[in-house]
Amino acid sequence: MKKEMTMVRIYLREADPGRHNGLLKEIMAILHDEHRVHGVTVFRGISGFGRHGEIHSADLLRLNVHLPLVIECFDEPEIVDAAIEALGNLVPEGHLLRWSVMCECSPTASDG
Amino acid sequence: MKKEMTMVRIYLREADPGRHNGLLKEIMAILHDEHRVHGVTVFRGISGFGRHGEIHSADLLRLNVHLPLVIECFDEPEIVDAAIEALGNLVPEGHLLRWSVMCECSPTASDG
Amino acid sequence: MKKEMTMVRIYLREADPGRHNGLLKEIMAILHDEHRVHGVTVFRGISGFGRHGEIHSADLLRLNVHLPLVIECFDEPEIVDAAIEALGNLVPEGHLLRWSVMCECSPTASDG
């Protein structure tokens, strides 16, 4: 069985200044607790650029300082729409991407 | 030269219960040994939700316990189709996504 | 406000042989310094296959040896086109993927 779903990737940084300290937790709470979006996973990058062009890297001297974080999730389009709506302006402008994906759902898959 | 390819992302957890202990290895063997799918890469997330809503996180007390894993690969659509078929019900229902991508293949690229 | 953008993923390895030692830096310089592509992030995989089929994994004995790296970025299609053109044959053949995404830009988003 195949089903069209929407993939979302939200780009943040660890320890973003100001209110952003708890931004990851706030966003996770909305995606998970309130909207039960499927497949929420957080990835940490090893290097990235901030909006002002500065480089954030993990190296021996500056481990995990302001590293980029990506929150990824996927679900049916209406569920994603509602969750994005609920995020309001928590996500900095231009930091949320979405695209259509096909979910391969084997009807006999183990439910492990 | 551009070529349409199919991107796949498969979502697992480290140490999934039951048969899932070796699930990553089983899937990698099918994708790599049997079907020679291109561009197979495994990523580890730092946090994610299980199917029952519990949170799996990397923190100081629970390092790398049940963290999410993503197997990503891409290849020509027919090769991906055959590999997914071969995966059968190894992948838990709703944990495999695919979408079309364009592969930019520079004909003069270094083969380094 | 929604805007169509192009997502790019480039697949490399740490310590690729030959000129590839500084390949990540060279590519980052072009994407960032010269073309100011938005949302450049580097991820490190924990396992992957080289082009000759050998497995590269992070384990206790071989930490971070030849692990796969992914450079991800996204921006308006014309900016991405120009940046890819500028990369020339830095990226090994078949190691650059692109696809269309929708960027959700909240007009009232905090600029944090």
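Only the coordinates and a few stated rules stand behind these numbers; no lab work does. Model, not experiment: these values are computed from the prediction. Here Cβ is always computed from backbone atoms with ideal geometry, including for glycine, and neighbour counts include all displayed protein chains.
Quick look at the numbers
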{"item": "Other copies of residue B:34: label-to-label distances in nm, shortest first, labels 7 Å along the beta-carbon direction", "result": "4.4, 4.4"}
{"item": "Spin-label pair residue A:102/residue A:4, simplified geometry with 7 Å Cα→Cβ offset, distance in nm", "result": "1.2"}
